[in-house]
Amino acid sequence: MEERFLAYINKHQLFTLADRVMLAVSGGKDSMVLLHLLHALKFKIGVAHCNFQLRAEDSDRDEAFVRAFCEEREIPFFSVKFETKKYTASAKVSTQMAARTLRYDWFEKLLKEEKYDYLATAHHLNDSIETLILNISKGTGPKGLSSIPNKTQNIVRPLLFASSENIKNYIDTNAITWREDVSNATTDYQRNKIRHEVMPVLKEINPGLEQTVSINLERFADLRAIFEHQLSEFEKQVLEIQPDGILIDFEKVLAFAGHPLLLEEYLKPFGFNINQVKDMLGSNNSSTSFLSESHQILCGRKSWFLSEKSQQEFKSLVISGFGEFSFGVNKLILEKVGSNIATADLKNPSFAFLDLDKIQWPLTLRIWQQGDVFVPFGMKGKKLISDFLIDLKIEPHHKKTQLLLCDQTQVLWVCKRRISDNYRCSLNSKNVLKVTFF
């Protein structure tokens, strides 16, 4: 067992003899085996024990048991008592989730304070198999198929090669004492239900289940590495990072084999799920939008636009005179100029030149709304802003945030696109308003 244990650590480069490793030890058989192994192999270790105060005196006896073991062998020992039930009620989460949050927050703090390099937990092969079954039964992607990783940043799991039977044999051979948690025998928890009811049935089908799944987990890990590489290529070729969001090229998405899964995995951190991804891929409506709690996706003809919701929550700006004004990430400058306007400025979409004498103050800068109309430069009749933007083939994410500069009666300028013909400057214009938008 010791040789396999050390070989596993070295093969996966989990840590070295020079590293300081903090062990999460409950007092149960798995964590006590981990403690025995690392102590026997003379690693630089410390022990962290969490007392969740969920089992009355038994919780205190667990703590005393682990403390005594460490003191006898001069192993640094650290412990903490949590009011788990109180936290569960206030956070409105399950007891298991509460315990997980409490212990890992404490572990992170402890490692920094005591200057340890890694936290080692006693997850073993059967834990990984149970997790895999749970993931599959609830629905999972490439990450879930690889189950429990042997290393996540500074958290290492050096016992993942060992089955529960391997651990039992090591305990018997080395006469290791440990504490039993009676909650492990109940089927109230999903994991225990799998352990006590599902696993025995699977082992009837395949007595060598642990070995078979162990090999498959290695395959799944390799498949995940291949997938991560493909996802990286997907992101490079399909995405265009813009100041206010991310442009997703629809045609390039479709060119990738397995694009529904790639798109799902990319969008998952933004709060989108597989059903929404399917709807996006199947939508023929170029003005459809999809929402998560934090983000939105606007679907266009050839692309989608991903952005934070808050970036779309603009408010109107009322302007009573000349000067420089901020509006979200944009700026607007209003200044009175002479009638001699440079030809280059007339062609620049960031500038608008308007007959100042026709304008009724104050002005308003705002997002366009359904029903807005104006008289486009060069035309005599009114046109809906919505139709004007459609004619220009403006993508939905730009269309949704299109700004208008208005006076008290009409739209003066569809910003950076077209001024109103009613406010155009002529040879008779004496006063000109120069508007700069950037």
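Where only DSSP H runs of four or more residues are counted, the chain gives -12000 deg cm²/dmol as its mean residue ellipticity at 222 nm, each run worth -39500 (n - 2.57).
Dipole orientation for the chain: of the candidates 88, 283, 206, 283 has the Cα lying most toward the positive pole (charges on Cβ; Lys, Arg +1; Asp, Glu -1).
Dipole size in debye (nearest 20) for the chain around its Cα centre, Lys and Arg Cβ +1, Asp and Glu Cβ -1? With only Lys, Arg, Asp and Glu charged at Cβ, the dipole is about 1640 debye. Take the Cα of residue 337, step 7 Å toward its Cβ, do the same at residue 318, and the gap between the two points is 2.9 nm. With no solvent and one equal point scatterer per Cα, compute the Debye intensity ratio I(q)/I(0) for the stretch 31-184 at 0.14, 0.17, 0.19 Å⁻¹ and report its log10, rounded to two decimals. Cα-only, vacuum Debye calculation for the stretch 31-184: -0.84, -1.27, -1.55.
Ordered from highest to lowest accessible area with the whole protein assembly present and a 1.4 Å probe, 392, 23 read as 392, 23.
Qualifying GluC sites (Glu not before Pro) in the stretch 45-123, where qualification requires a DSSP coil assignment and no more than 14 other C-beta atoms within 10 Å, comprise 74, 83.
Between the residues 413, 353, 300, the greatest Cα displacement towards the positive end of the dipole of the stretch 279-438, with unit charges on the Cβ of Lys, Arg, Asp and Glu, is found for 353.
Working value for the chain: equivalent-ellipsoid semi-axes of 65, 25, 19 Å, each the square root of 5 times a Cα gyration tensor eigenvalue, largest first. Are any of the pairs 151/268; 400/430; 358/400 more than 32 Å apart by Cα-Cα distance, and if so, which? Pairs exceeding 32 Å: 400/430. Antiparallel beta bridges, as assigned by DSSP with both residues in the chain, represent about 75 percent of the total such bridges.
The values are calculated or read from the model by the stated rules, or taken from the named source; none is laboratory data. It should be emphasised that the depicted structure is a prediction, and the values quoted were computed from it without experimental measurement. Heads up, the Cβs are rebuilt from the backbone with ideal geometry, glycines too, and the neighbour counts pull from every protein chain shown. Just so you know, the surface numbers come from the protein's heavy atoms only, side chains and all, with ligands and any DNA or RNA stripped out. Shrake-Rupley method; radii C 1.70, N 1.55, O 1.52, S 1.80 Å.
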